[in-house]
1. Could you list, in sequence order, all residues of the stretch 253-309 that are of a type in the set (A, V, I, L, M), in a loop (DSSP other than H, G, I, E, B) and within 14 Å of ligand 1 (Cβ to nearest atom)?
2. Output the residue which, of all residues in the stretch 227-280 that are without any contact (Cβ under 8 Å) to a residue 60 or more places away in the chain and hydrophobic (A, V, I, L, M, F, W, C), is farthest from residue 331 (Cα to Cα).
3. Hey, can you tell me all the residues within the stretch 38-51 that are more than 15 Å from residue 163 (Cα to Cα) and surrounded by fewer than 16 Cβ atoms within 10 Å (Cβ to Cβ)?
4. Quick check on the stretch 281-294. Is at least one of its residues out of contact with any His (no Cβ under 7 Å at 6 or more places or on another chain), at pLDDT 95 or above and on the phi > 0 side of the Ramachandran plot?
5. Return yes when residue 58 is more than 18 Å from residue 155 (Cα to Cα) and surrounded by fewer than 20 Cβ atoms within 10 Å (Cβ to Cβ) and no when it is not.
6. Is it true that some residue in the stretch 311-319 is more than 16 Å from ligand 1 (Cβ to nearest atom), surrounded by 20 or more Cβ atoms within 10 Å (Cβ to Cβ) and in contact (Cβ under 8 Å) with a residue 24 or more places away in the chain?
7. I need a count of the residues in the stretch 216-245 that are assigned to a helix (DSSP H, G or I), in contact with a strand residue (DSSP E or B) (Cβ under 9 Å, 6 or more places away or on another chain) and surrounded by fewer than 19 Cβ atoms within 10 Å (Cβ to Cβ).
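The values are calculated or read from the model by the stated rules, or taken from the named source; none is laboratory data. Small disclaimer: the values here were computed from a predicted structure and weren't measured. Virtual Cβ from ideal backbone geometry, glycine too; neighbours counted across all protein chains shown.
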Amino acid sequence: MKNNIQRIACAMVIVCGVMACGNLRKQTNDDQTALQPVGPVFNADSAFLFCQRQCDFGPRTMNSEAHDQCGQWIIRQFAGYGMSIVPQEAILRGYDGTALKSMNIIASYLPDQKDRILLCAHWDSRPWADNDPDEANRKKPVLAANDGASGVAVMLEIARLLAKDSLKLGVDFVCFDAEDWGVPQWSDVPDDGNSWALGAQYWAGVCPRQTAKSYRFGILLDMVGGEGAQFYKEGMSVQYASSIVDKVWRAAQVVGFGSVFPNQMGGYITDDHLPVNKQAGIPCIDIISYYPDCQQSSFGPTWHTINDDMDHIDKNTLQAVGQTVVQVLFSE
Ligand code: AHN
Ligand code: ZN
């Protein structure tokens, strides 16, 4: 009898010990995402201002003065946070043969670190609001507060935070140009998808193998500032980098934005992450807004319309995406 009691007591000690050990280990889950918020607080007011500043140049359409001025501004901002800058210029061909003076902007945090994360977003504005409900607007340029400036704004805010808070991993912020010169809806030219993401195609095409291998993974930020936006799991991201999708959506939950990142599938999107995955071989996901009930567009009511301006940028959306990316970076 006494022997049995001793055995039970002994078993309890072992069980408690294993549980305690389990609790310690559970500070991170299988994918290393911390189960508590980690890293600096993302400042959405600051990100909002970075978005505003880009829009102040006007539409940053290819071959325009506003485009070139804004490109120089983006370089100065990243440089001001201590990042190493490599501008990658090229003449790219639009779907109708137009020569596009393109500049991808690569800003590196800890450029010599071999273990890196890729963050990316496009910085050009669409030259035509071809999805505007009013036909009279469909050849006007898009200000692109959400579809362009928001992704760069989130990256600039993260760069600002990295300048103060040390992360041991390297981070490359790649601002892709010429994403939004895809065949307009009013054109007769068939859209095979290749006219989009021209800057990303160029970057992926010349990305050295060594560089590609240095990235653990990539995250593309596209339309990350829209009013009431939600981010569903994008199909191509799940196909090419499902573990990264899971990691990011878990991080969103940990920082309290699970409702902004529903655990559900959205659409399959042709975007800058495709050449990054297919040509460069870097697993890269797309955080892109998806509005399942929006009549105007599943990308949201202002997508490729003249209403894509600062009046429709939502700090809560910027906060949700920014804090989620911070969580991912500081959990690595
Ligand atoms: C297509 O409409 C084929 N792709 C959307 C990619 C995009 C445009 N992202 C922002 N603007
Ligand atoms: Zn667009």
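1. At the first step, the residues of the stretch 253-309 found to be of a type in the set (A, V, I, L, M) are 254-255, 260, 265, 269, 274, 276, 280, 282, 285, 287-288, 306.
From the residues that got through so far, the ones that are in a loop (DSSP other than H, G, I, E, B) too are 255, 260, 269, 280, 282, 306.
Hit for the stretch 253-309 is 269, nothing else.
2. Applying the filter and picking the extreme gives 269.
3. Within the stretch 38-51, 45, 49 meet the criteria.
4. Checking the stretch 281-294: at least one residue is out of contact with any His (no Cβ under 7 Å at 6 or more places or on another chain), at pLDDT 95 or above and on the phi > 0 side of the Ramachandran plot.
5. Numbers: more than 18 Å from residue 155 (Cα to Cα): yes; surrounded by fewer than 20 Cβ atoms within 10 Å (Cβ to Cβ): yes.
Spelling it out, residue 58 is indeed more than 18 Å from residue 155 (Cα to Cα) and surrounded by fewer than 20 Cβ atoms within 10 Å (Cβ to Cβ).
6. To start, the set of residues in the stretch 311-319 that are more than 16 Å from ligand 1 (Cβ to nearest atom) comprises 311, 314-316, 318-319.
When the remaining residues are screened for being surrounded by 20 or more Cβ atoms within 10 Å (Cβ to Cβ), the result is 318-319.
Now restrict to residues that are in contact (Cβ under 8 Å) with a residue 24 or more places away in the chain: 318-319.
Checking the stretch 311-319: at least one residue is more than 16 Å from ligand 1 (Cβ to nearest atom), surrounded by 20 or more Cβ atoms within 10 Å (Cβ to Cβ) and in contact (Cβ under 8 Å) with a residue 24 or more places away in the chain.
7. 4
Residues checked against (1) more than 16 Å from ligand 2 (Cβ to nearest atom); (2) charged (D, E, K, R):
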{"residue": "191", "(1), (2)": "no, yes"}
{"residue": "199", "(1), (2)": "no, no"}
{"residue": "204", "(1), (2)": "yes, no"}
{"residue": "229", "(1), (2)": "no, no"}
{"residue": "235", "(1), (2)": "yes, no"}
{"residue": "242", "(1), (2)": "yes, no"}
{"residue": "253", "(1), (2)": "yes, no"}
{"residue": "267", "(1), (2)": "no, no"}
{"residue": "280", "(1), (2)": "yes, no"}
